[in-house]
Every structure is written in C-alpha cells, then in structure tokens.
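Visitor: Just dropping this structure here.
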Amino acid sequence: ARTLGVARVSVWRYNADHSLLRCVDLYELEEDRHSSGMELPAAAYPNYFEALKGMEVIAAEDAHLDPRTSEFSEKYLTPLNIGAMLDAPIHLRGVADGVLCHEHIGSSRRWTADEETFAVAVANRVSLALEGSERQRVADELRSTLAQLEQMLAHSPADIFRLKVEGGRLVPIATSDNNNPLLGYTAAETMSPNWWQEHLHPDDMERALASMHELMRQGAMRYECRMRHKNGGYRWIEDNQRLLRDPSGTPFETVGVWMDITERKEADSRLENIHRELMEVSRQAGM
C-alpha cells in the first residue's frame, strides 16, 4: 500500500467451486487497519470473474468505465470513492486461487509497467505463502492421521506386515509390533528372511507354498496355518495378503495381515467331536 501509494490493498480467495470470492484480509493504509469477511458472488459480477480466468493483471485506470470492473461502480466503487483498481492473480499449485487487489481512492489513475510488475511480484509472494501454509496444513493432517493409525494398530489384535518380492522369495521389510502378543516374538525377531519357514508347522508347509503361488497368479490369497509360539506351542493363524505391482505390472511387494484364530479352530474341533459323538450315540440307538 505504501509503495504503490494506494489506500486499500486486499487478498481475496475463491471458494471451492469458484462461484465466490471471499476477502481474507483488507488493509486500509490511512487507518492502519485490517479486516476480512466481505464476499463477491460470481453471479453478481460475471465480467470481473471472467476476466480473472485469464490469470492476467487487471489494470483498470478508470474502474467505473473499464468493462472488467464497471460492475462494481454503483454498489462498491462509488460509496468508497474508488477510482482505479490494479488486480494481480494469486495461484496455488498453478491453479487460480484468488486475487491481490489494489484500490486507488479518488479519480482515475494510470498504472505504470513498474507498478504492474511490483503488484505481480507481491501476488507471487502471497501465492508462495499460501502454498507453504497448504503444505504445512497437509503435513499436520498427515501427522494426525498417522498418529491415529498407529494408535489403531497398537490396539488391533492383527499383525500387519510388508514383504518385498525378490525373485521367487518374499523378504520381510516391515511389521507392526502386534506379533509379540500374537506369537511372543518382537518385531525385530521376525525380520529374518527365513523366520516364517522356520516357525511354520511342517504339516502346513505344502498348503502355505501353494497359497504363495496363488498370490503371485491372482494378486491375493488367504489360508490358515499353524505357527510356533515362542513358548514352544502352536497357534492357528489366518494369513491374508495382497500383491502390489509397479506401473509396469511387475510385482514388488505384498501387504498382509495375520489374525490369531486359535480359539475359533479349537471351538470348531470341539463341535466336530460333539457331532461325531452324537452320530455314534444315534447309531447305537438305531436312530
């Protein structure tokens, strides 16, 4: 405002569908005052909004007569005694996001090339500030989301893991800490390339290998197996995995979830025994 000698400078930003411009900061030089909240609907000022689409400077020497700004004359320019306007576009990630508006009080004014260049330079600084603020907002949201996800994983009974595809092998690259309550091992202990084979029940090896082949062919698989607990016993595990491919279609990683289904398997076994006993009693009774 001081450099260009204008009484009013304001930053306006579009709403989501660009049907409205909202003032986020208006500075009045003489009063040294900031305010915000005014709104300009596109329906009321179609020529001005159309001119802004070009992402070019609007240098209106006589704002009342310039076809791009004359729509403001009766309700905005005249009451505030604004004679000239110099508007520079504000962009966010290459897309129009708003406008930096300079308003000259009094009669018309001829804007020089240097003044237009200066207005564009300031608008670009505003754009950079908005992009920095947007990155910070996204980073804060990401940190919050990750914190919530970590909390959910910490309280989940499932063990979530990632395996890297190396030739015909799947090599562990990451796992949640839930393996400890699941099988008694720390996450670090399970990162050995051969840990899975060494702890898989021998009787389940053939079925597990067949499921791995299915994963590579179909992109997903589910199977049940027994894994040796650190205390020496075995727990039933349901293994669900999905295959990830790079843009060329080459498999590079799998994401999987382990769930302890020991209680369900034991209940199924008890039900099977009860059913068998009932069938034997029925047979003996001639039913």
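Visitor: Just one of (1) closer than 24 Å to Arg109 by Cα; (2) out of contact with any Ser or Thr (no Cβ under 7 Å at 6 or more places or on another chain); (3) open to solvent by 40 Å² or more (accessible area, probe 1.4 Å); (4) at pLDDT 95 or above trips up His64, so point out which.
Guide: (2)
Visitor: Does the range 258-273 hold any residues that are open to solvent by 50 Å² or more (accessible area, probe 1.4 Å) and of a type in the set (A, V, I, L, M, F, W, C), and which are they?
Guide: Met259, Leu271
Visitor: Here is a follow-up. List the number of the failed condition for Leu21; all other conditions in (1) open to solvent by 40 Å² or more (accessible area, probe 1.4 Å); (2) closer than 16 Å to Glu103 by Cβ; (3) hydrophobic (A, V, I, L, M, F, W, C) hold.
Guide: Result: Leu21 fails condition (1) only.
Visitor: To continue, here is another question. Would you be able to tell me the number of residues in the range 27-51 that are open to solvent by less than 50 Å² (accessible area, probe 1.4 Å), in contact with a Phe, Trp or Tyr (Cβ under 9 Å, 6 or more places away or on another chain) and among the hydrophobic types (A, V, I, L, M, F, W, C)?
Guide: 2
Visitor: Only one residue in Gly249, Gly232 is under 37 Å from the mean Cα position of the chain (by Cα) and in a loop (DSSP other than H, G, I, E, B), so which one is that?
Guide: Gly249
Visitor: Which of the residues that make up the range 164-186 are closer than 15 Å to His199 by Cβ, touching a strand residue (DSSP E or B) at 6+ places or on another chain (Cβ under 7 Å) and at pLDDT 75 or above?
Guide: Answer for the range 164-186, where residues must be closer than 15 Å to His199 by Cβ, touching a strand residue (DSSP E or B) at 6+ places or on another chain (Cβ under 7 Å) and at pLDDT 75 or above: Leu170, Pro172, Thr175, Leu182, Leu183.
Visitor: Is one or more of the residues making up the range 125-134 surrounded by 13 or more Cβ atoms within 10 Å (Cβ to Cβ), in contact (Cβ under 8 Å) with a residue 40 or more places away in the chain, over 27 Å from the mean Cα position of the chain (by Cα) and part of a helix (DSSP H, G or I)?
Guide: Taking every residue of the range 125-134 in turn, none turns out to be surrounded by 13 or more Cβ atoms within 10 Å (Cβ to Cβ), in contact (Cβ under 8 Å) with a residue 40 or more places away in the chain, over 27 Å from the mean Cα position of the chain (by Cα) and part of a helix (DSSP H, G or I).
The values are calculated or read from the model by the stated rules, or taken from the named source; none is laboratory data. It should be emphasised that the depicted structure is a prediction, and the values quoted were computed from it without experimental measurement. Cβ: placed from backbone, ideal geometry, glycine included. Neighbour counts: every protein chain shown. Side chains are part of the model used for accessible areas, which takes the heavy atoms of the whole protein and leaves out ligands, DNA and RNA. Shrake-Rupley method; radii C 1.70, N 1.55, O 1.52, S 1.80 Å.
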